[in-house]
Amino acid sequence: MVQTDQLEFQYKNKEQLFRFPNITLKEQEHLVILGKSGIGKTTLLHLLAGLQKSTAGSINIDEVLINSLSHSQLDTFRGQHIGLVFQKSHAITSLNVYDNLKARLFFSKKAIDEKNIAALLKQLDLIENKKSKINELSVGQLQRLGIAMAVIHQPKLILADEPTSSLDDENCEIVMNLLQQQAKQHQANLVVITHDARIKSSFKNVMTL
């Protein structure tokens, strides 16, 4: 469950104040947030992820008010319950694909289950690349690895920042299907922040900033 109430944010030394519509998502409900650049989409995603703290309002994820947590509590909560899919790869370049997923579990303080890792890699068509270094992967493989790293620890909330903006129509559809499949499999909420109107039809809940 994800719920926000009267959420506001203002960067230091800047006049612009972002006010965001309230969000209410029940279990396994998903949301796409559309809007042009500079409107506050990524700011909202960072607030939901606990990467930035709101100026006003509240964020409730799985019955936890995350903006009331201390920095250390928030780091732990984010590591265990939130999965982030970024535009660019955040994989550790010195590690191969398999070890990146093991590291993600280690930092999430979750048990390393090699069977689950192998199953996820197979599902995302990366099993043949499990020993590949990050610089050996194609753009599509990096995108799928980003999804794997976001869901390997079975988060309650998956947040995706412009996951399809640089993709053609075919790969856009593939990535959205993978994200929705993984959210369903892990019974997680999926929130996608984007200016890519192509994915609007994939969601029942649509918010435009």
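Taking only the Cα atoms of segment 98-209, the ratio Rg/Rh comes out at 0.97, with Rh defined as the Kirkwood radius. Our estimate of slack between K12 and K102, defined as 0.36 nm per intervening residue step minus the Cα-Cα distance, is 28.7 nm. What's the longest bit of the chain with no exposed GluC sites (Glu not before Pro), using DSSP loop states and at most 10 other Cβ atoms within 10 Å as the test? Longest site-free region, per DSSP loop and neighbour criteria: 64-209. Using only Cα atoms, tell me the angle between helix 139-151 and the longest principal axis of the chain; keep it within 0 to 90° and round to the nearest 10. Relative to the chain, helix 139-151 is tipped by roughly 70 degrees. Under 10 °C and 1.306 mPa s, how fast does the chain diffuse according to Stokes-Einstein, given a Kirkwood radius computed over C-alpha pairs? Answer in µm²/s, whole number. Estimated via Stokes-Einstein, D reaches 91 µm²/s.
Around R78, what is the net charge, scoring Lys/Arg as +1 and Asp/Glu as -1 over all other residues with Cβ under 14 Å from its Cβ?
With Lys, Arg at +1 and Asp, Glu at -1, the net is +3.
What the phi angles of segment 179-193 give under the Karplus curve with 6.51, -1.76 and 1.60, with θ = phi - 60°, is a coupling list of 4, 5, 4, 5, 4, 5, 4, 9, 6, 10, 7, 10, 10, 10, 9 Hz, glycine and proline written as x.
Whole-Hz Karplus values for segment 114-131 come out as 5, 5, 5, 4, 4, 5, 5, 4, 5, 5, 9, 6, 10, 4, 6, 10, 4, 9 Hz, taken residue by residue from phi with 6.51 cos²θ - 1.76 cosθ + 1.60 and θ = phi - 60°; glycine and proline positions read x. Each residue, S72 and N116, gets one label point 7 Å from its Cα in the Cβ direction; the gap between the two is 2.5 nm. Among residues other than A91 with Cβ under 11 Å from its Cβ, the summed charge is +2 (Lys and Arg +1, Asp and Glu -1). Between the listed residues L167, Q141, A183, the Cα displaced farthest toward the positive end of the dipole of segment 131-200, a dipole computed from Cβ unit charges relative to the Cα centre, is found at A183.
Label-to-label distance for L65 and T93 is 4.3 nm, based on points extended 7 Å past Cα in the beta-carbon direction.
Values in this text are rule-based calculations from the coordinates and carry no lab data. Worth saying up front: this structure is predicted, and the values here are computed from it rather than measured. Note that we place each Cβ from the backbone using ideal geometry, even for glycine, and neighbour counts take in every protein chain shown.
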